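The values are calculated or read from the model by the stated rules, or taken from the named source; none is laboratory data. The shown structure was predicted, so the numbers you read here are calculated from the model rather than taken from an experiment. We place every Cβ from the backbone using ideal geometry, glycine too, and count neighbours over all the protein chains shown.
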Amino acid sequence: MHMQSPPVNSLSLDFLTELCISLEKLEMDKGCRGLIITSVLSNQPKVFSAGLDILEMYGKSPEHCGEFWKVVQEMWLKFYGSNMGSSPAGGCLLSLTCDYRIMADNPRYTIGLNETQLGIVAPFWFKETMVNTVGHRNTEVALQLGLLYKPAEALKIGLVDQLVPEDQVFTVASQTMTKWLTIPGNVSVITTKSTLNLLFSFQLWCFNLV
Ligand SMILES: CCCCC/C=C\C/C=C\CCC/C=C/C(=O)SCCNC(=O)CCNC(=O)[C@H](O)C(C)(C)COP(=O)(O)OP(=O)(O)OC[C@H]1O[C@@H](n2cnc3c(N)ncnc32)[C@H](O)[C@@H]1OP(=O)(O)O
């Protein structure tokens, strides 16, 4: 899936709604077993996603905010596999929901949950997704300081799985997907994933988020 919402793929209500509809269609397509998500901004190829669209969260009616927040949660519940450049906040969340993260190895790009730097709080389910990926201590430091990690640092704490030269990101993502798809049978993979996420699913249920 190619994300192309200039200038920086910020996650607006319209963009997220389109994303969710596309994912729903793919989910219903029995021939689709995996998804690589990438950014193809022509003017700005270095950004995966700038995160939630800040303009959607300021000066809007409670109804609009409710609708926006609902679609943010929908998006997070649906995602699969990614490759990327800069991914702050919601952009990082988008990639954290994927099974495997491949990042372009360019120190100009960063990834992380930088909400505190913006004076906002990463919601519980952003935090929990991060904990499940990089562990509690790394999350504690990352979230309180609102850290944005350069690729080498992100790899070190396990926030991304692989760094590759910028021009090879998509090729490596395709090779990785091919390897993952050699695992036989959807049921065993889905069941394994559900088991891994059991506690988190229960927490979400307790918070009435699913
Ligand atoms: C509905 C809400 C319900 C209530 C919730 C209440 C409170 C909120 C509580 C919790 C929410 C927490 C969860 C929040 C998650 C988020 O994702 S917040 C967004 C965080 N994102 C960022 O901090 C990224 C900011 N952007 C950047 O760092 C950079 O723009 C970049 C992505 C690295 C790209 O840099 P560069 O190439 O230098 O490009 P520019 O900075 O010049 O940007 C180009 C234009 O894009 C606009 N823009 C950038 N980011 C956003 C964004 N997130 N939303 C909207 N617009 C964005 C930027 O303003 C530039 O526009 P102009 O050219 O100036 O018009």
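When we screen 188, 174 for residues that are surrounded by fewer than 11 Cβ atoms within 10 Å (Cβ to Cβ) and among the small types (Gly, Ala, Ser), the only hit is 188. Within segment 78-90, one or more residues are surrounded by 19 or more Cβ atoms within 10 Å (Cβ to Cβ), near the ligand (Cβ under 10 Å from one of its atoms), assigned to a loop (DSSP other than H, G, I, E, B) and on the phi > 0 side of the Ramachandran plot.
Could you say which residue among 166, 153, 74 is at pLDDT 95 or above and among the acidic types (Asp, Glu)?
Being at pLDDT 95 or above and among the acidic types (Asp, Glu) holds for just one of 166, 153, 74, which is 153.
Only residues that are in contact with a helix residue (DSSP H, G or I) (Cβ under 6 Å, 6 or more places away or on another chain) and over 21 Å from residue 52 (Cα atoms) were counted across segment 123-177, and they come to 6.
Given the structure, is residue 52 farther than 20 Å from residue 132 by Cβ, crowded, with 20+ Cβ neighbours inside 10 Å, under 12 Å from the mean Cα position of the chain (by Cα) and near the ligand (Cβ under 9 Å from one of its atoms)?
Values: farther than 20 Å from residue 132 by Cβ: yes; crowded, with 20+ Cβ neighbours inside 10 Å: yes; under 12 Å from the mean Cα position of the chain (by Cα): yes; near the ligand (Cβ under 9 Å from one of its atoms): yes.
Judged against the criteria, residue 52 is a match.
So which residues in segment 1-33 are within 19 Å of residue 168 (Cα to Cα), more than 15 Å from the ligand (Cβ to nearest atom) and in contact with a helix residue (DSSP H, G or I) (Cβ under 9 Å, 6 or more places away or on another chain)? Give the steps one after another, and end with the answer.
We begin by selecting, within segment 1-33, every residue within 19 Å of residue 168 (Cα to Cα); these are 1-3.
From the residues that got through so far, the ones that are more than 15 Å from the ligand (Cβ to nearest atom) too are 1-2.
Selection gives 1 alone.
Considering the conditions (1) in contact with a strand residue (DSSP E or B) (Cβ under 7 Å, 6 or more places away or on another chain); (2) part of a helix (DSSP H, G or I); (3) surrounded by 18 or more Cβ atoms within 10 Å (Cβ to Cβ), residue 139 is excluded by exactly one of them, (1).
Does residue 209 satisfy the condition of being assigned to a helix (DSSP H, G or I), at pLDDT below 85, within 20 Å of the chain's Cα centre (by Cα) and of a type in the set (A, V, I, L, M, F, W, C)? No.
Table: residues versus (1) within 14 Å of the ligand (Cβ to nearest atom); (2) in contact (Cβ under 8 Å) with a residue 24 or more places away in the chain.
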| site | (1), (2) |
| --- | --- |
| 98 | no, yes |
| 130 | yes, yes |
| 135 | no, no |
| 179 | no, no |
